[in-house]
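Colleague: What follows is a single structure, and I will ask about it in a moment.
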Amino acid sequence: MRPADWAVLAASLIGIVVYGLWKGRGSNTTAKYLLAGKTMPWYAMALSIMATQASAITFISTTGQAYVDGMRFIQMYLGLPIAMVIIAVWIAPRFHESGVYTAYEYLEGRFDARVRALVSAIFLIQRGLAVGVALSAPALVLTVIMGWPASVTTMMMGVVVVGYTVAGGIATVTWTDFVQMLIMTAGLLAALFCAIWLTPVSLGEAMDIAGAAGRLNTAVWTVNWNDRYNILSGLIGGMFLALAYFGCDQSQVQRYLTGRSITQAKLSLLFNAVAKIPMQFMILFTGAMVFVFFTFTKPPVTFNPGVEKRIESTAGYQVMKAEYDAAWEARRAAAAQVPVNAGEFKAAQKRFDAARANAGSLAGVAPGADTNYIFLSFVTKYMPVGIVGLIMAAIFAAAMSTISAEINSLATVSVVDVYKRHMRKEAPDRHYLGAARWATAFWGLYAVVTAQYAAHLGSLIEVVNKVGSLFYGGLIGVFVLAFFVPRATARGAFWGVLTGEAAIFYMWARTDIFFLWFNALGCLVVVAAGYCVSLLERADRPSRA
Amino acid sequence: MSEERPPFGSWRRTYAAVIFYLILLIVLFTLFTWRWNQ
């Protein structure tokens with residue numbers, strides 16, 4: 001990073017924090033601190049929802065995934081528009097009309113305090129596990145670029161995010177998200193244009209090359225239950241994931257609870273239904289173009305500089321490197337023949353993949369273990385001055401928008417569903433406002449501590465999705481019972497959730513079912529078990545009376 | 001247009017437009033894959 005990049009990054013960060021604090025001033029009641037006094041317009045909520053979902057992991061890992069695996073990951077978002085329509089029709093209006101602070105508060109009105117406590121606990125565990133991963137991703141950026149230890153960088157990021165989230169509450173979170181989303185979009189467009197511009201062939205030729213390597217596979221129609229991304233898993237599995245995330249996860253529900261009307265809340269959801277897939281397409285397409293770029297510019301044997309050093313010191317390095325260089329040269333020569341002789345390029349790609357895997361095996365790492373480093377390596381080494389700073393700002397913005405929403409929602413559930421409900425029921429509003437600020441600071445600190453461990457996990461985006469999918473089936477199942485099964489009782493909901501979670505953990509530990517299906521299957525188990533218990537209870541009742 | 005009105009006149013039509021848009025995206029992705037991902 002050069003001085004101009006630092007200037008862009010610093011100006012963006014200071015601008016975000018100052019703007020957010022200014023817009024969030026006067027959050028002096030719990031209603032204002034946790035729900036922005038229900039004054040938000042749709043565009044602020046819309047971009048806040050989008051920014052919250054788009055984490056630094058989205059930028060860093062998704063581009064890398066397109067590089068190694070192609071664009072098929074896009075299909076995971078196909079269920080999102082359907083989910084948004086379902087939420088706009090059935091879920092958001094109920095939350096809004098009932099005047100709740102959290103999605104789980106609604107469950108007490110529909111079922112009882114036990115169900116609310118169980119589901120709140122599930123949320124706290126699940127989101128609590130994910131928030132560290134969201135913080136560790138940008139720390140990874142700084143570790144690669146500046147060589148600073150991850151512990152220092154997570155601390156730095158954490159202090160900034162926790163600072164403005166504690167100070168301004170959700171109004172600050174929403175308006176900082178708004179600006180962060182604009183910066184992300186600018187960074188994303190800059191990255192895409194630079195990737196295309198730096199590639200020495202035309203866009204059409206670049207797409208032919210990416211396609212020949214299987215990197216433009218946006219639609220996979222074959223159905224395989226163990227396969228990761230195809231149209232069916234995207235539509236059904238993706239829909240359940242989006243339903244759980246946007247409809248039952250407080251970190252998103254709280255965004256649209258701040259709306260000044262239900263229409264505004266619905267518009268914010270539908271904006272995401274329309275805009276999310278094109279945005280994801282752009283991110284993945286950037287990754288595919290980075291792939292083409294490295295067809296003409298030799299990439300390192302691995303994009304992880306630490307692993308590269310280890311490989312260089314191994315005995316087999318010289319032999320491996322000679323084969324790697326030859327394989328890359330052969331692929332570059334074959335790329336000129338695409339699309340007339342795509343077969344030769346495909347064979348060369350296979351040879352190159354094998355050479356890359358061989359390099360990884362020298363250091364004892366799996367192929368694709370450097371997915372998270374690809375995009376950053378490209379940005380810092382090849383992007384023009386100023387743009388590097390902008391993309392760094394975008395990655396920081398993405399991280400901050402996700403983390404702020406997560407610690408804000410964790411604090412809200414801790415205070416509203418746990419502290420106020422079970423520990424201190426009667427206190428002045430000022431007391432709960434203070435508790436909310438302390439809870440925000442606590443979860444911020446917790447995120448910083450857990451982030452130290454999260455960086456060692458594999459492709460970060462899958463880690464986040466996996467953690468979510470272990471719990472989302474239970475969450476979505478209980479809300480399906482609440483909204484769509486009038487006969488469901490509190491006991492049915494409680495045991496339904498526990499049975500569903502047991503089933504999900506069984507599938508995770510003992511089967512090869514792809515994690516995206518956990519949400520749909522887990523939800524089915526919750527609804528089925530919950531319905532059965534409810535029926536048994538109702539059958540029991542008259543005989544006892 | 002009033003701020004509180006659905007974009008396509010009624011919510012029903014607005015939701016239908018979103019689903020139509022999704023179908024269009026799937027068709028476009030399929031054509032995209034068929035044309036380039038050879």
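Each value in this text was obtained by applying a stated rule to the coordinates, not by laboratory testing. Just so we're clear, the structure is a prediction, and the values are computed from it rather than from any experiment. Glycine gets a Cβ as well: all are built from the backbone with ideal geometry, and neighbour counts include every protein chain shown.
Colleague: If one computes the Cα centroid of segment A:21-44 and of segment A:194-237, what distance in Å separates the two points?
Modeller: If you average the Cα positions of each part, the centres end up 41 Å apart.
Colleague: Once a ≥ b ≥ c are taken as the square roots of the eigenvalues of the Cα gyration tensor of segment A:1-115, is the result rounded (a/c under 1.5), prolate (a/b larger than b/c) or oblate (a/b not larger than b/c)?
Modeller: oblate
Colleague: Also, quick follow-up: Only loop residues by DSSP count here, and only those with at most 15 other Cβ atoms within 10 Å; note down the trypsin sites (Lys or Arg not before Pro) in segment A:5-41 that meet that.
Modeller: Listed in order of number, the matching sites are A:R25.
Colleague: Follow-up question, since we're still on this one. Evaluate the distance, in nm, between pseudo-label points positioned 7 Å from the Cα of A:A354 and of A:W221 along their respective Cα→Cβ axes.
Modeller: Between A:A354 and A:W221, the label points sit 3.3 nm apart.
Colleague: Would you calculate a helix-derived [θ] at 222 nm for the protein assembly as shown, using -39,500 (n - 2.57) for each DSSP H run of n ≥ 4 and dividing by the full residue count, to the nearest 500? Please report the intermediate quantities before stating the final value.
Modeller: Values: 23 runs with 435 residues, N = 583.
Result for the protein assembly as shown, helices only: -25500 deg cm²/dmol.
Colleague: Rounded to the nearest 0.05, what FRET efficiency do A:K381 and B:V27 have when you use their Cβ-Cβ distance and R0 = 51 Å? Intermediate results must be reported in sequence, preceding the final value.
Modeller: Details: r = 38 Å, r/R0 = 0.75.
For R0 = 51 Å, the calculated efficiency reads 0.85.
Colleague: Compare the Cα positions of A:A195, A:A171, A:L129 along the charge dipole of segment A:65-199 (+1 at Cβ of Lys, Arg; -1 at Cβ of Asp, Glu; about the Cα centre) and return the one farthest towards the positive end.
Modeller: A:L129
Colleague: Checking the table A:K298/A:K381; A:K32/A:K276; A:K23/A:K420; A:K32/A:K425 against a 18 Å threshold on Cα-Cα, which pairs fail? Please list the in-between numbers first.
Modeller: Numbers: A:K298/A:K381 12 Å; A:K32/A:K276 28 Å; A:K23/A:K420 28 Å; A:K32/A:K425 20 Å.
Cα-Cα > 18 Å for A:K32/A:K276; A:K23/A:K420; A:K32/A:K425; rest within.
Colleague: Grab the Cα-Cα distance for A:T39 and A:D429, subtract it from 0.36 nm times how many residues apart they are, and report the gain in nm with one decimal.
Modeller: 138.5 nm
Colleague: Based on Cα positions only, what radius of gyration and what Dmax would you give for segment A:300-425, in angstroms?
Modeller: 22.9, 73
Colleague: Also, I was wondering about something else. What number does segment A:256-369 give for Rg over Rh if you use C-alpha atoms and the Kirkwood radius?
Modeller: A ratio of 1.25.
Colleague: Work out which chymotrypsin sites (Phe, Trp or Tyr not before Pro) in chain A are exposed loop sites (DSSP not H, G, I, E or B, at most 13 other Cβ within 10 Å) and give the longest gap free of them.
Modeller: A:226-545
Colleague: Whole angstrom only: what separates the Cα centroid of segment A:465-518 from the Cα centroid of segment A:262-303?
Modeller: 30 Å
Colleague: Let me ask another. For chain A, find the longest principal axis of its Cα atoms and tell me its angle to the long axis of helix A:516-544, 0 to 90°, nearest 10.
Modeller: Roughly 20 degrees, rounded to the nearest 10.
Colleague: Rounded to a whole number of µm²/s, how large is the Stokes-Einstein D of segment A:230-270 at 10 °C and 1.306 mPa s, given Rh as the Kirkwood radius over C-alpha pairs?
Modeller: 143 µm²/s
Colleague: Then there is this: Where the only charges are on Cβ atoms (+1 Lys, Arg; -1 Asp, Glu), what is the dipole of segment A:4-102 about its Cα centre, to the nearest 20 debye?
Modeller: Value, rounded to 20: 360 debye.
Colleague: Cα axis of helix A:238-248 to longest principal axis of chain A: angle in degrees, 0 to 90, nearest 10?
Modeller: Around 40 degrees separate the two axes.
Colleague: Under the definition of Cα pairs under 8 Å and six or more residues apart, what whole-number percent is the relative contact order of chain A?
Modeller: Relative contact order comes out at 30 percent.
Colleague: Quote the convex hull volume per residue of chain A, based on C-alpha atoms, as a whole number of Å³.
Modeller: About 142 Å³ per residue, rounded to a whole number.
Colleague: I'm a student and want to see the number: the projected area of the Cα convex hull of segment A:109-160, averaged over all directions, in nm². Walk me through the numbers before you get to the answer.
Modeller: Details: hull surface 18.7 nm².
Quarter of the Cα hull surface area: 4.7 nm².
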